[in-house]
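Some notes on the structure that comes next.
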Amino acid sequence: MRGKRRAIYLEEAEILEHTTHAANQYILRVAAPAAANAAQPGTFAHLTCDPSQPMRRPLSIMRADRSRGWLEFLYKPVGAGLAKLARRRVGESLSVLAPIGNGFSLDPKRPHVLAIGGGVGIPPLVFLAEELRNRAEFIPVVLMGSEIPFPLELQSSALDVGSNAPGASHGLRLLEQWGIPSRLASNAGLPGSFAGFVTELARALLSGRSDESRSATQIVACGPEPMLCAAAKLAASFRLPCQVALEEYMACGVGGCAGCTVRVRTPDGDAMKRVCVDGPVFDAAAVYSLS
């Protein structure tokens, strides 16, 4: 059972930066000091993309700077709402409702954190990495999979992931600067990437670790449904705990419409939970059939 829900803030947020990247991907930074101060990795925001498009759109938070009061998002404009968001300019403002949901909750008894992200599931893991860079009790490794060019700058990694990562030589420059090792996976032949699915790369890394290191590992994952299911089964095969951040279509984003419900196993039996406020992070074993 989750604890008391955190406060959600409604802010008229000025667009500070809005940049275009490879494969029609965008990074948006907005001034939202109350939400930035409360945001946690795995939570998300509900944005009004344009005055002509009243229905909000959910976006995972990629970064939150509490001291300077901004939130940052990575998105690909699929659909009319996000297409209009892509046309918004620096200096304009948009309505932001955030942070929404429950984020990742790490177990300090398992210091090795293996974070697995796919596609639009990468942003929450960047946020998690930034949070963990100053927490000496955790040793994170971030694995990211994509079939389109990565929107963030890459470089040959000088940081050891601690086990076998065939063909994976590059990571995110930002994570390298934070001292957090990362590796890439792709079936599209992207340079410096493991050739295959990111969950296959994760299996290779886990197989190369000692029994002691594996027993001290926990997995967090965010990405498309097939990847999350594969991550859950991977964790189960190594008898490791796994949290998954689910993606669902959302209308209200605050639990009122119940349009984003999923079936979750609980000690009292199956229950329908709302991804927006009861999640988006759930125990993988409670969501997926692992038999």
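Can you work out which of the residues in the stretch 191-247 that are charged (D, E, K, R) and under 18 Å from the mean Cα position of the chain (by Cα) is modelled with the highest pLDDT? Talk me through it step by step, then tell me what you get.
Kept after step one, since they are charged (D, E, K, R), are these residues of the stretch 191-247: 200, 203, 209, 211-212, 214, 225, 233, 239, 247.
After this cut, where a residue has to be under 18 Å from the mean Cα position of the chain (by Cα) as well, the list is 225, 247.
Numbers: GLU225: 94, GLU247: 86.
Here the residue is GLU225.
A Cβ distance below 7 Å, combined with a sequence gap of six or more or placement on separate chains, defines the contacts here; from the stretch 91-110, residues that are of a type in the set (Phe, Trp, Tyr) reach residues that are in a loop (DSSP other than H, G, I, E, B) and buried (at least 21 other Cβ atoms within 10 Å of the Cβ) in the pairs PHE104/PRO41; PHE104/GLY42.
Of the residues making up the stretch 152-169, those that are without any contact (Cβ under 8 Å) to a residue 24 or more places away in the chain and in contact with a Pro (Cβ under 7 Å, 6 or more places away or on another chain) are LEU159, ASP160. The residues in the stretch 212-232 that are surrounded by 18 or more Cβ atoms within 10 Å (Cβ to Cβ), over 16 Å from PRO111 (Cβ atoms) and not small (Gly, Ala, Ser) can be counted, and the count is 4.
Flag not set for VAL281, criterion: in a strand (DSSP E or B), touching a Lys or Arg at 6+ places or on another chain (Cβ under 6 Å), of a type in the set (A, V, I, L, M) and not assigned by TED's automatic domain parsing to the domain that holds LEU125. Determine whether VAL254 is β-branched (Val, Ile, Thr) and surrounded by fewer than 19 Cβ atoms within 10 Å (Cβ to Cβ). Considered against the rule, which asks whether it is β-branched (Val, Ile, Thr) and surrounded by fewer than 19 Cβ atoms within 10 Å (Cβ to Cβ), VAL254 comes out as yes. Restricting PRO33, PRO51, PRO41 to those that are modelled with pLDDT of 95 or more, farther than 13 Å from LEU97 by Cβ and over 20 Å from the mean Cα position of the chain (by Cα) reduces the list to PRO33. Of the residues contained in the stretch 63-73, none is found to be modelled with pLDDT under 95 and in contact with a helix residue (DSSP H, G or I) (Cβ under 8 Å, 6 or more places away or on another chain). Within the stretch 254-289, being under 22 Å from the mean Cα position of the chain (by Cα) and among the aliphatic types (A, V, I, L, M) holds for VAL254, VAL262, VAL264, VAL275, VAL277, VAL281, ALA284, ALA285, ALA286, VAL287.
Elements of the type strands (runs of 3 or more DSSP E) sitting completely within the stretch 222-277 and holding at least 1 residues that are touching a helix residue (DSSP H, G or I) at 6+ places or on another chain (Cβ under 6 Å) and either without any contact (Cβ under 8 Å) to a residue 60 or more places away in the chain or not aromatic (Phe, Trp, Tyr) (or both): these cover 242-245, 261-266.
The values are calculated or read from the model by the stated rules, or taken from the named source; none is laboratory data. Computed from a prediction, not measured in an experiment: that's the story for all the values here. Every residue, glycine among them, receives a Cβ derived from its backbone with ideal geometry; neighbour counts consider all protein chains shown.
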